[in-house]
Structure formats: structure tokens, C-alpha cells
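The structure appears right after this line, and notes come after that.
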Amino acid sequence: MSGVGPISQDWEPVVIRKKAPNAAAKRDEKAVNAARRAGAEVETVKKATAGTNKAASSSTTLNTRKLDDETENLAHDRVSSDLKKNIMQARMDKKMTQAQLAQMINEKPQVIQEYESGKAIPNQQIISKLERALGTKLRGKK
């Protein structure tokens, strides 16, 4: 480093300023209030659909109207009384509890309870598992 020349320091002040406000910051509530206090003219324009979701709810579609006019009461099929009696009878004949039968067909005991009480929605896979585990035909003619 020797021989390069004298080393000097630059003592001029460096000023770091914030960026000029962008368009979003100019519309900020604080900026608008500050401009009003300063006496500057502030123009406010309300857009026609500002703050509403009119695009989504402006017109009722045909499907929506059909759904609103629909009065039919829909319900899922439930286990028939014959099937629930057949399940209970076959389980009692095998001297099994609901929990044992459920474990045998790899289902929860609650499933067996629902089938025997008639609250379950019939599932053909579960019914066929029950038929195999109990060794009897539960649906159709005996």
C-alpha cells in the first residue's frame, strides 16, 4: 500500500431519504387527512359497486331459482326392519356381542349398533361382510 498516495477521508454528509409515496400510500386515510389539514384540495370519488359483492349476487341464476323453488323433502334410505332383525337374530344365534361382530368384520362397534337400530345408511360391502361373518343370507329371500 505504500506509494499509492495520501489517504484522505470524505467528510461530505450523506442524506438518506424515504421513497416518495406511491399511489396506494397517497390514498391512505392518514395521507388524505394530512392533506386536508394542510388545506390541499382532496378529490374523493365513490365507485359504483365499491364495498359490495354485486358481481356475485346481482342476478339470480336459473339453478339458484330452481333450488329455492324446490319443495321436495329428500332423505337417505335407512336399513329395513327385516335386515336389522335378521342381523340381530343371526348374531344372537352365534352368541356374539355387537363389539365381537364388529371386530370380526373390521368395523367399529357403532356401525353394528346403527345397523341393528335401523339408523345406518345401507352399505352393500358392510352387509356382505356381515353375511360372511354370520354365515347366513341377510338380504333377499331366505
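Here, each number is a calculation from the coordinates, and none is a lab measurement. Not measured: the values here are computed from a predicted model. Ideal geometry is used to build each Cβ from the backbone, glycine not excepted, and the neighbour counts take in all protein chains shown.
In this simple spin-label approximation, residue 119 and residue 74 carry label points 7 Å from Cα along the Cα→Cβ vector, and these lie 2.3 nm apart.
Of 108/137; 95/119; 46/66, which sit over 29 Å apart, Cα to Cα? Violating the 29 Å Cα-Cα cut-off are 46/66.
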